[in-house]
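The values are calculated or read from the model by the stated rules, or taken from the named source; none is laboratory data. Computed from a predicted structure; not experimentally measured. Cβ placement follows ideal geometry from the backbone for every residue including glycine, while neighbour counts extend to all protein chains displayed. Ligands, DNA and RNA are stripped out before the accessible areas are found, and what is left, the full protein with its side chains, is counted by its heavy atoms. Shrake-Rupley method; radii C 1.70, N 1.55, O 1.52, S 1.80 Å.
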Amino acid sequence: MRIIYTHRFPSGDFHGINMFGTVFVQRRWGKFLPYEVNHEMIHSYQQWELTYLVFYTLYVLEFLVRLVQCRWNTDRAYRSISFEREAFAHERDFQYLRHRRPFAWLRFWVDKG
């Protein structure tokens with residue numbers, strides 16, 4: 001996974017965005033912290049196991065569904081996406097990717113809690 005520091009991308013309050021295994025980080029946020037790198041590595045595994053096209057299609061579709069469920073609250077919708085829930089739940093477990101089961105994000109898709 002490569003990390004590229006940029007001046008304007010991603011926009012808004014996003015610290016980083018993982019696009020096809022490359023993470024783009026706005027310079028204004030400073031150096032990416034180890035748990036943030038781990039969070040994005042989890043996304044890299046998700047992308048790889050689903051293939052990129054399927055991952056991004058499911059990600060966008062689930063975001064749209066969550067957006068309606070969360071009454072147009074974009075932050076809540078984003079945080080309720082199954083891929084994000086897996087990454088947030090395990091971002092500080094630096095051994096997680098060693099024992100992560102394939103398609104582990106499905107547990108978060110089914111379990112709404």
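Residue-wise test of (1) closer than 18 Å to PHE103 by Cβ; (2) small (Gly, Ala, Ser); (3) open to solvent by 20 Å² or more (accessible area, probe 1.4 Å).
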residue	(1), (2), (3)
SER11	no, yes, yes
MET19	no, no, yes
GLU36	no, no, yes
GLN46	yes, no, no
VAL65	no, no, yes
SER82	yes, yes, no
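Please go through the stretch 6-22 and pick out each residue that is in a strand (DSSP E or B), under 20 Å from GLU91 (Cβ atoms) and free of Cβ contacts under 8 Å to residues at least 24 places away in the same chain. Across the stretch 6-22, the qualifying residues are ILE17, MET19, THR22. In the stretch 50-63, how many residues are more than 17 Å from PRO102 (Cβ to Cβ), open to solvent by 60 Å² or more (accessible area, probe 1.4 Å) and under 14 Å from the mean Cα position of the chain (by Cα)? Final tally of qualifying residues: 2.
Counting just the residues of the stretch 67-80 that are surrounded by 12 or more Cβ atoms within 10 Å (Cβ to Cβ) and aliphatic (A, V, I, L, M), which one comes out farthest from PHE94 (Cα to Cα)? Result: LEU67. If the condition is being in a helix (DSSP H, G or I) and loosely packed, with under 15 Cβ neighbours inside 10 Å, then the stretch 90-113 contributes LEU97, ARG98, HIS99, LEU106, ARG107, VAL110.
Listed conditions (1) of a type outside the set (Gly, Ala, Ser); (2) assigned to a helix (DSSP H, G or I); (3) more than 15 Å from TRP109 (Cβ to Cβ); (4) in contact (Cβ under 8 Å) with a residue 40 or more places away in the chain are all met by TYR56, apart from (4). Considering only residues in the stretch 23-40 that are hydrophobic (A, V, I, L, M, F, W, C) and touching a residue at least 24 places away in the same chain (Cβ under 8 Å), the one that is nearest to ARG85 (Cα to Cα) turns out to be VAL37.
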